[in-house]
1. Is it the case, given these coordinates, that Asp191 is free of Cβ contacts under 8 Å to residues at least 60 places away in the same chain, crowded, with 18+ Cβ neighbours inside 10 Å and over 16 Å from the mean Cα position of the chain (by Cα)?
2. Out of the residues in the stretch 214-228 that are touching a residue at least 60 places away in the same chain (Cβ under 8 Å) and assigned to a helix (DSSP H, G or I), state the one that is farthest from Phe249 (Cα to Cα).
3. Test of understanding: among Lys328, Lys370, which residue is touching a helix residue (DSSP H, G or I) at 6+ places or on another chain (Cβ under 6 Å), surrounded by 15 or more Cβ atoms within 10 Å (Cβ to Cβ) and among the charged types (D, E, K, R)?
4. Which condition from (1) under 20 Å from Ser113 (Cβ atoms); (2) touching a residue at least 60 places away in the same chain (Cβ under 8 Å); (3) part of a helix (DSSP H, G or I) is the one that Tyr52 breaks?
5. So, in the stretch 123-139, how many residues would count as being at pLDDT below 80 and out of contact with any Gly (no Cβ under 8 Å at 6 or more places or on another chain)?
6. Considering each residue of the stretch 245-259, count those that are more than 23 Å from Asp302 (Cβ to Cβ) and touching a helix residue (DSSP H, G or I) at 6+ places or on another chain (Cβ under 8 Å), and give that number.
7. For the stretch 343-367: of the residues being in a loop (DSSP other than H, G, I, E, B) and small (Gly, Ala, Ser), which is surrounded by the fewest Cβ atoms within 10 Å (Cβ to Cβ)?
8. Would a scan of the stretch 84-101 turn up a residue that is modelled with pLDDT under 90 and surrounded by 21 or more Cβ atoms within 10 Å (Cβ to Cβ)?
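The values are calculated or read from the model by the stated rules, or taken from the named source; none is laboratory data. Just so it is clear, the model here is predicted, and its values are computed rather than measured. Quick reminder, even Gly has a Cβ in these numbers, built from the backbone with ideal geometry, and neighbours come from all protein chains shown.
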Amino acid sequence: MSKVLDFEAVEKKLKPLLSRLRVNKLIMGWSFSKELYHKTADLLAKHDTEFYLWFPVFSETGSVRPLSGLVDINGSPIQYDKNNNIEDFSFCCPNDPGNMEKILDIYESEFASIPFDGIFLDKIRCPSFGQGSKNGDGYRSVFSCFCTHCLEKYEENNFSPDKLKDVLSRYASTPPGIKSYSGNGKYEFEDPVMAQFFLLKSVFIWQSVNYLCNFFRSGNLGIGLDVFAPFLAPFTGQDLSSLSGICDFIKPMMYRITNAPAGLPFETEMFLRETGFADNEKDMSFDRILGINSRTIPFDLDFAARELKNFAAVSKCPVYAGLEINRKDNIADTSPAYIEETIRSYLGTGIKGLALSWDLMDVPEENLNKVIRAYSKTRLVLE
């Protein structure tokens, strides 16, 4: 759960921004204070700003309802630690119908009576290589889930977990055997079993997210999706092109300076570590495969912009690039200069606008002022 806020604090932060910025949507969550949401909805209605509920799906919901977790390839449950006791990355299985029912029950019991214009679905994925666990590492997390529900779906799709085990044992500490990258999350793998595994992960996530989207659309809600950057998304079960076809807007998290989950530097380094690429020769080969010039913080701007441009060209819905404007010491050391450089580059990629992330209440005034002065006419989503 997020920290408790009172409406007066929210109003104090929002009012000056709404009068000076072109805010198309505000994403808020999550709190179980219906009064806070109702008052915020009234404020936003006066400024013609759509109100979206931030709703985590396959993670964090387990703190509200008991959900079945993930099982690794050896049949062992995967348990997770909280990220600095702030954010819960305990993922549940997206193929368990019971989980889906409980997730929707959270919405119906806590949020359905609030006049939201839309819902913003976050954590619509499997764990990444950056999600550590109590009994293992990101490697175990990515090569999951193998619970009874998932095993049934693998069988329906003629996929053999035993063959995947064999492939992983042959690669030892250096899966997944990437040969090339053609953009938009499209990798070529040395082994067809590996390719089929990641394809099925994306199919399973799409099926579950599509089920949720149909439910919310039946209630006349707009739908936004929070997703990883295109080159990271496939390893979490996200096919961005397919997902863009079932929502009203999509937000790839293009966090160039964030050294934490979803940040490009963090997730890339964790990928390299967990897949055995993390030595001078191998990580350079990975950089060459992707076309990354530098993985220093901030992350390679040319590469990030190219990823956005390629995705915006094929996306079936408007793309809002996620950009961190908050500041957290040693996690997201943002500055006005970083914000200006990144926004200028991202706005030249064909995207619809920007999603300024990820906690508006904690954004330094100097960062907000930079956005207001230079980009007041840009289509913006605020979180």
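1. yes
2. Looking at residues that are touching a residue at least 60 places away in the same chain (Cβ under 8 Å) and assigned to a helix (DSSP H, G or I), I get Phe215.
3. Lys370
4. (3)
5. Final tally of qualifying residues: 5.
6. 2
7. Gly348
8. yes
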